[in-house]
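Undergrad: Pasting in a structure now, in structure tokens, and then I'll have a few things to ask.
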Amino acid sequence: MHKNTNALVKAIRLATLAAIAAPASVLAGGFSLNEQSASQMGVANAGAAANPENATTVLFNPAGMSQLSGTNISFGAAVLDIDAEAKSGAKAVNQLGGEVNGSRGGDIADPAVLPNFYLTHEINDSIDVGFGIHAPYGLAADYENDFVGRYFADKTELTAIAFTPSIAINNGKGLSMGLGLNIMYAEGRLTKYQDYSGIYGRWQAGYSQLEAGLPVPPTAVGVPDPSSINGFDQGYADIEGDDVAINFRIGFLYELSNRTQIGLTAQTPTRFDLEGDAEVSKIPDTALVTIPGVGERAFPTGEQTSQSEKVTVPLEIPESISVGIRHQLADSITLLAGATYARWSRFEELDINSREGETGDISSATGRSGDTPITHITEKWKNTWQFNVGGIWQASPAWAFKAGYAFDESPVDQYVTARIPSEDRHWLTLGTQWKDVQSGWTVDVAVGTLIFADDAKVDEFQYLHDAPSTVDPSSGASNYQAEYELSAWSAAFEVSKAF
């Protein structure tokens, strides 16, 4: 093993430049992103916990740094493009059971660029350190403004970037251990249009009851006549927030023989509490009216106002465990396999909670009380497995060719929503690697396609927070139904250098 202090200085400068150049908003079509490294993507991340090809091992298994000599850098980017569009027949009804007119929403996911940078440095024969910048999680969905399900979803965005300092220790007898710290910054945005048909319907019903029971017209005691405005304009809710969260990754790597090694890595859970603001437009204004023989009651005035409130959006990130194996079948053939288990069942709900209590403007306008969230979406995701297999053919000292397959379970289970229409998927990848042995430069290129097992079927209602499987009676008949046609492709490149 060798050392090169000047090379380390150069590598740190590159890492700093990458951090400055990395976009603040990393959008992608999935919550957890596979496209973190072109060299690993070429084999569909198979055996990544046991295959420290280059500095990307900082992410996949920090223990792998112990098998890299001197200073190593890897940097690159991936492009991910998911096509997700509701099929013909998508429909929705408002709170009064009336049909909502509109389009299917178009293709809801735009292409995303996911940059990454990794660095490792050998301190001595026993200790290595590393650093990474990558986009571990992301989500983006954006419907057209006239989307038929606009009362359930419009824009959904999660942007995240992680900074990962790591350390590895080896015992000189084939066993290495590593620890990585993920310092993650995330920001999110949720928007949707507001359906006020139910409020108008209840106003109509209340007015009719008073009209039948009072000796004078309701207008005589100050209750406005709903027929004077003919319904409320739809509103718009826009919630944004950000937060910093930390979790840990621990890894082990053991050389069973000079041809076979196994790796194990585990990540701890964490939670983002995205703090920001909620803005809701055109909320129906209300006023208290004293009704003889009945008392004080709140009725809409016919006016609509905009309100804002400080909020927080909790977002659970699961713990996971991965195992990988690498076996050199022949001098030119390497086989890889792996599996990852993730505890996505932690993500039970997507709620927007007030930071101002019942006195907040939106809470006051809507009558929200206690610990009830301003908005609740039942998720109840399930734990998942991902299985990967792959192979590398070293055709010559300079050229290698890769292929991989992964089966990736979707965590979305019973409650498939317009915000995250998802299904189980098959991931097929191909990659190639060119290496200049004399200079130490290596270039990886990979492409992949996602084949979804079925169309995602959405049958969405609004549910109670305290009884997540029970439809919220205040939402009336509100419902959105659709089937989504899903497909995706990705491409990545990576440049690596050993100093």
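The values are calculated or read from the model by the stated rules, or taken from the named source; none is laboratory data. Owing to the predicted nature of the structure, the values given are computational and were not obtained by experimental measurement. All Cβ positions, glycine included, derive from the backbone under ideal geometry; neighbour counts span all protein chains shown. Note: accessible area is taken over every heavy atom of the protein model, side chains too, but ligands, DNA and RNA are not part of it. Shrake-Rupley method; radii C 1.70, N 1.55, O 1.52, S 1.80 Å.
Undergrad: Just one of 461, 499 is within 30 Å of residue 378 (Cα to Cα) and open to solvent by 40 Å² or more (accessible area, probe 1.4 Å); which is it?
TA: 461
Undergrad: Just for region 426-438: of the residues that are in contact (Cβ under 8 Å) with a residue 40 or more places away in the chain and open to solvent by 30 Å² or more (accessible area, probe 1.4 Å), which one is nearest to residue 88 (Cα to Cα)?
TA: 428
Undergrad: Now a separate question. Pairs needed: first member in region 394-411, among the β-branched types (Val, Ile, Thr); second member anywhere, part of a strand (DSSP E or B); C-beta distance under 6 Å; at least 6 residues apart or different chains.
TA: If the second residue must be part of a strand (DSSP E or B), no pairs are left.
Undergrad: Hey, residue 137 hits all of (1) surrounded by fewer than 24 Cβ atoms within 10 Å (Cβ to Cβ); (2) at pLDDT 95 or above; (3) among the hydroxyl-bearing types (Ser, Thr, Tyr) but one; which does it fall short on?
TA: Going through the list (1) surrounded by fewer than 24 Cβ atoms within 10 Å (Cβ to Cβ); (2) at pLDDT 95 or above; (3) among the hydroxyl-bearing types (Ser, Thr, Tyr), residue 137 breaks only (2).
Undergrad: Of the residues in region 441-486, how many are among the charged types (D, E, K, R) and under 30 Å from residue 369 (Cα atoms)?
TA: 4
Undergrad: Same structure, new question: Just give me the residues in region 54-69 being under 16 Å from residue 496 (Cα atoms), touching a Leu at 6+ places or on another chain (Cβ under 9 Å) and not aliphatic (A, V, I, L, M), in sequence order.
TA: Within region 54-69, 54, 57, 64, 67 meet the criteria.
Undergrad: Looking only at region 474-482, decide whether some residue is farther than 30 Å from residue 89 by Cα and in contact with a Ser or Thr (Cβ under 9 Å, 6 or more places away or on another chain).
TA: No, there is no match, as no residue in region 474-482 is farther than 30 Å from residue 89 by Cα and in contact with a Ser or Thr (Cβ under 9 Å, 6 or more places away or on another chain).
Undergrad: Additional query: Take region 294-305 and flag every residue that is open to solvent by 80 Å² or more (accessible area, probe 1.4 Å) and free of Cβ contacts under 8 Å to residues at least 60 places away in the same chain.
TA: Residues satisfying the conditions are 296, 303.
Undergrad: Okay, next question. Have a look at 242, 238, 195 and point out the one that is under 30 Å from residue 458 (Cα atoms), open to solvent by 40 Å² or more (accessible area, probe 1.4 Å), touching a residue at least 40 places away in the same chain (Cβ under 8 Å) and in contact with a strand residue (DSSP E or B) (Cβ under 9 Å, 6 or more places away or on another chain).
TA: Being under 30 Å from residue 458 (Cα atoms), open to solvent by 40 Å² or more (accessible area, probe 1.4 Å), touching a residue at least 40 places away in the same chain (Cβ under 8 Å) and in contact with a strand residue (DSSP E or B) (Cβ under 9 Å, 6 or more places away or on another chain) holds for just one of 242, 238, 195, which is 242.
Undergrad: Which number in (1) exposed (fewer than 14 other Cβ atoms within 10 Å of the Cβ); (2) in contact (Cβ under 8 Å) with a residue 40 or more places away in the chain; (3) small (Gly, Ala, Ser); (4) farther than 30 Å from residue 367 by Cα marks the one condition that residue 257 misses?
TA: Result: residue 257 passes all but (2).
Undergrad: Moving on. Being in contact (Cβ under 8 Å) with a residue 12 or more places away in the chain, over 15 Å from residue 239 (Cβ atoms) and not polar (S, T, N, Q) is the filter here; which residues of region 341-366 pass it?
TA: 341, 342, 343, 344, 346, 347, 348, 358, 365
Undergrad: Taking region 92-125, which residues are in a loop (DSSP other than H, G, I, E, B), touching a residue at least 24 places away in the same chain (Cβ under 8 Å) and among the β-branched types (Val, Ile, Thr)?
TA: 100, 108
Undergrad: It is to be established whether one or more residues within region 150-169 are open to solvent by less than 60 Å² (accessible area, probe 1.4 Å), in contact with an Asp or Glu (Cβ under 6 Å, 6 or more places away or on another chain) and small (Gly, Ala, Ser).
TA: Within region 150-169 (the criterion being open to solvent by less than 60 Å² (accessible area, probe 1.4 Å), in contact with an Asp or Glu (Cβ under 6 Å, 6 or more places away or on another chain) and small (Gly, Ala, Ser)), the answer is yes, since at least one residue qualifies.
Undergrad: Just name the residue that is least open to solvent (accessible area, probe 1.4 Å) out of those in region 369-425 that are basic (Lys, Arg) and more than 15 Å from residue 347 (Cα to Cα).
TA: Looking at residues that are basic (Lys, Arg) and more than 15 Å from residue 347 (Cα to Cα), I get 402.
Undergrad: Conditions: (1) under 24 Å from residue 475 (Cα atoms); (2) part of a loop (DSSP other than H, G, I, E, B); (3) within 28 Å of the chain's Cα centre (by Cα). Residue 369 meets all but one. Number of the miss?
TA: (3)
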